Amino acid sequence: MTSFASAQALAATSFPSLSPTSLMHPGCVVVWGISKRSYAAAHELATREGFARRLAAIKHFDFSGEHAAGREYLMPTYFVPSDTLGSVDAQAVGIDGVHDLFGGVVPYPFIATKAITHPVFDANAARPSGWNAEFGERVAGAVLTGFSAFSLDDARRAGRSLLGAGVVRVKPVRATGGRGQMVARDESALDECLASLDPDEVIAHGVVLEENLVSPDTFSIGQIVVDRHVITYHGTQRMTRDSQGDEVYGGSDLTLVRGGFDALLAAGLPPEIRLAVDQARLYHDAVVGCYPGFFSSRINYDIARGRGAMGQWRSGVLEQSWRVGGATGAELAALELFCNEPDRRMVRVSCFERYGDFDLPAGAGIYYSGVDPQVGRLTKYTLVEPHAGNAS
């Protein structure tokens, strides 16, 4: 994928006119646990497998389970990986473009994390191989004020600089769902936050220090490309309490349209959503421009809007996701609906992640329910608004 604007054209030109028979050409979908992430819980593994089975049904492919090196698969093989892939790993299994996977490919590992969002503190600060300083310059108007650091000393210098303008949020770059984040209001608190981090983790992957917003709303701006289907959306996230009482990601409410970002903007958006879309597009195009070799069939950008330290409204991209994510349940529910209803142009879908026991609402489409060893009882489900956008 080269840019948001070209996604729809890419999907159309990459697939010739296909007859219904040719759409049944043998192929398979596999899941791929490319890395053993410390936060890859059992519920994530089960959820990803469920998504892969649904994608196989949409594509009229077989589902062939977990990818195993050396095993022969039906061709073409479509991958649903656990993580954003590195170029070397992708090329080793024949992933060459957006139609080979549900996810993305990056030339350097740090690009797939929160660390890409901000510049390093100064010219003397540590940075990973492949770092492109131009990216920070290009996204300056699309992100909050902050720095990425690849040493605790650099993190301390960056954090103290940010404290001069207000409260600082400290974010481990590989954690998901808001877990592991801390807030520092003074230098003593900053030192405590940094002391709790693993120095080797910071050196290897980085840590983000960013201005803290008061009571922010988090918007999701995204797009998926599956075969000739292009679906683009905006939405908001909600938080919930997990089994330990921590505030974590609780789901998203999405408005999804058939087509690219022009179709989304044509639907009419309030100013704050338009700004979020513009910031996401700027961020995405900067990735494309600064890091050749990047492509993704599933893109999702989190944009926060809230009050800054001086009470002013602030908006900016927090992070990106180019792999199966929290909103994928809603994305696939919309994709299935668009496949079944060719005249539909828009749909509203909400996805939920709820912990413990509760009464399931009528019409819920469950895509995970169980007791996870790490997080306890968890249920994930979608609700589709039945009459939204069913006119052509």
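Data for the structure
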quantity	calculated
Principal axis dimensions, largest first and in whole angstrom, of the chain by Cα	65, 45, 44
Space enclosed by the convex hull of the alpha-carbon atoms of the stretch 245-392, per residue, Å³	169 Å³
Length added when fully stretched, ASP246-ILE203, from 0.36 nm per residue minus Cα-Cα	12.8 nm
Probe 1.4 Å, all protein chains present, accessible-area order of ILE366, ILE58, largest first	ILE366, ILE58
Potential lengthening between MET182 and MET239 on full extension [0.36 nm per residue; Cα-Cα distance subtracted]	18.9 nm
Approximate shape of the stretch 20-166 as ellipsoid semi-axes (Cα gyration tensor, √5λ), whole Å, largest first	39, 16, 14
Whole-number percent relative contact order across the chain, with pairs defined as alpha carbons under 8 Å at least 6 apart	19 percent
Stokes-Einstein diffusion coefficient of the stretch 304-347, Kirkwood radius over Cα pairs, 4 °C, 1.567 mPa s, in µm²/s	96 µm²/s
Choice from MET75, MET239, MET346 with maximal GNM fluctuation in the chain (Cα, 10 Å cutoff)	MET75
Mean Kyte hydropathy of 0.0 or more with a Cα span along the axis of at least 27 Å, helices from DSSP in the chain	271-290
Label point distance in nm, GLU341-GLU385, each placed 7 Å from Cα along Cα→Cβ	1.2 nm
Dimensionless Rg ratio for the stretch 137-264, taking C-alpha atoms and the 2.2 N^0.38 Å reference	1.26
Computed lengthening from GLU72 to ALA362, 0.36 nm per intervening residue step minus Cα-Cα distance	100.1 nm
For the chain, size of Cβ-based charge dipole, Lys and Arg +1, Asp and Glu -1, in debye	500 debye
Net +/- balance of residues flanking PHE63 in space, Cβ distance below 11 Å, scoring K and R +1, D and E -1	0
Residue with peak Gaussian network fluctuation, the chain [Cα springs, cutoff 10 Å], from PHE61, PHE135, PHE358	PHE358
Rg(Cα) / (2.2 N^0.38 Å) computed for the stretch 324-382, rounded to two decimals	1.28
Antiparallel DSSP beta bridges within the chain, as percent of all bridges there, nearest 5	85 percent
Rg ratio (alpha-carbon, reference 2.2 N^0.38 Å) - the stretch 59-109	1.11
Residue-normalised accessible area of the stretch 254-392, expressed per residue, 1.4 Å probe, Å²	41 Å²
Computed magnitude of the charge dipole of the stretch 139-224 (debye, nearest 20; Cβ of K, R +1, Cβ of D, E -1)	200 debye
Within the chain, helix-based [θ] at 222 nm, where runs of 4 or more DSSP H residues each add -39,500 (n - 2.57), nearest 500	-8000 deg cm²/dmol
Theoretical FRET efficiency, 1/(1+(r/R0)^6), r = Cβ-Cβ of TRP313 and ALA266, R0 30 Å, to 0.05	0.70
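The values are calculated or read from the model by the stated rules, or taken from the named source; none is laboratory data. Source: prediction; values computed, not measured. A quick note on method: Cβ atoms are made from the backbone with ideal geometry, for glycine too, and the neighbour counts reach across all protein chains shown. All accessible areas refer to the heavy atoms of the entire protein, side chains included, with ligands and DNA or RNA removed. Shrake-Rupley method; radii C 1.70, N 1.55, O 1.52, S 1.80 Å.
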